Amino acid sequence: MIPFVLFPEKVMKTVSLPFIGLAQALKKIFPFLDMQLKHADIEFTAEEYLAMLLFNLLVYFAVFSVLFIVLLERFVAEYITLGLGLSVLFCVLIALQILIYPAMRVKKKVRDIENNLVFALRTMLIQVRSGVTLFNAMEIVAEGDFGLLGQEFRKLLSQIKAGEHQNKVLQDFATRTPSQKFRNILWQIVNGLKGGAEVASVLQESVSTAVKDQMIEINKYGNQLRLLSLMYMMVGVVIPSLGLTFLIILSSFPKIQINESMLWILLGLIILMNFMYLGMVKSQRPALGA
């Protein structure tokens with residue numbers, strides 16, 4: 001479900017049609033939106049998505065303007081200007097959320113695929129070594145508990161069952177998948193099959209490549225943790241200590257008053273920075289499976 005969208009997707013495509021012309025002009029600013037929508041499995045073209053965005057922003061701006069003007073009328077003299085300004089601010093925040101949603105969904109999809117990639121390849125390798133064909137090995141992965149990777153294999157197999165050549169389908173998926181690792185593995189399998197190599201040998205090489213990539217990511221993450229640990233020392237220890245000391249020094253001056261609210265603000269900033277640090281650590285963690 002796309003965040004902050006007022007109606008279901010089918011309804012949105014209809015009600016946002018008047019904004020298609022303006023959306024086509026805006027599309028030049030977002031050249032990669034079409035690709036992101038396809039990778040995220042969102043059934044919108046870039047024009048439809050931007051038209052939907054414009055329609056929602058118009059509705060939100062009207063609602064927020066009326067709401068803020070009514071609420072601020074009793075308290076602020078320039079309530080109309082302030083109300084419209086706050087409405088614009090809220091609409092900008094909503095627009096950013098809608099615009100980054102496809103990229104965030106693609107990132108989540110890539111992480112899910114790469115979490116299960118090594119396990120799926122090992123499953124296929126075991127099956128092929130036991131005498132199962134590559135097609136049947138992919139079926140086992142498609143029916144197994146491999147998350148979005150299993151869904152990708154189900155899409156792949158449905159095209160093969162429809163009559164398309166196996167190598168062509170693998171090659172097409174290698175150009176469409178958002179995961180660079182999965183793309184490299186598919187190209188490796190396609191090139192191996194075209195070169196006449198044994199399927200088991202190709203899969204063994206693919207497993208080795210995937211494991212090496214994981215080791216490289218682990219080492220890279222270990223190096224990043226050193227810098228992140230230093231950042232945590234700054235955020236969790238140094239900045240609070242120096243900040244509190246600085247406030248105590250300032251409070252000794254007669255014209256500068258340090259009240260309790262300033263200490264609460266300092267505490268809130270420290271908590272916010274710690275949450276941002278935790279989010280940074282989590283986002284940098286490599287996809288190594290469950």
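The values are calculated or read from the model by the stated rules, or taken from the named source; none is laboratory data. Just so we're clear, the structure is a prediction, and the values are computed from it rather than from any experiment. Ideal geometry is used to build each Cβ from the backbone, glycine not excepted, and the neighbour counts take in all protein chains shown. These accessible areas exclude ligands, DNA and RNA; they are computed on the full protein's heavy atoms, side chains included. Shrake-Rupley method; radii C 1.70, N 1.55, O 1.52, S 1.80 Å.
Here are the numbers for the structure shown:
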{"read-out": "Answer from Gln188, Gln204, Gln214, Gln224 - the residue that is in a helix (DSSP H, G or I), within 19 Å of Ala120 (Cα to Cα), open to solvent by 40 Å² or more (accessible area, probe 1.4 Å) and touching a residue at least 60 places away in the same chain (Cβ under 8 Å)", "value": "Gln204"}
{"read-out": "Residue that is nearest to Phe55 (Cα to Cα) [pool: residues in the stretch 1-43 that are in contact (Cβ under 8 Å) with a residue 40 or more places away in the chain and of a type in the set (Phe, Trp, Tyr)]", "value": "Phe4"}
{"read-out": "Matching option when the condition is open to solvent by less than 50 Å² (accessible area, probe 1.4 Å) and among the charged types (D, E, K, R), among Glu78, Glu47", "value": "Glu47"}
{"read-out": "Test: residue in the stretch 240-250 that is farther than 30 Å from Met104 by Cβ, open to solvent by less than 100 Å² (accessible area, probe 1.4 Å), polar (S, T, N, Q) and at pLDDT below 75", "value": "no"}
{"read-out": "Subset of the stretch 139-153 [in a helix (DSSP H, G or I) and among the aromatic types (Phe, Trp, Tyr)]", "value": "Phe153"}
{"read-out": "Qualifying residue in the stretch 91-105 (condition: among the basic types (Lys, Arg), within 30 Å of Leu26 (Cα to Cα) and open to solvent by less than 30 Å² (accessible area, probe 1.4 Å))", "value": "no"}
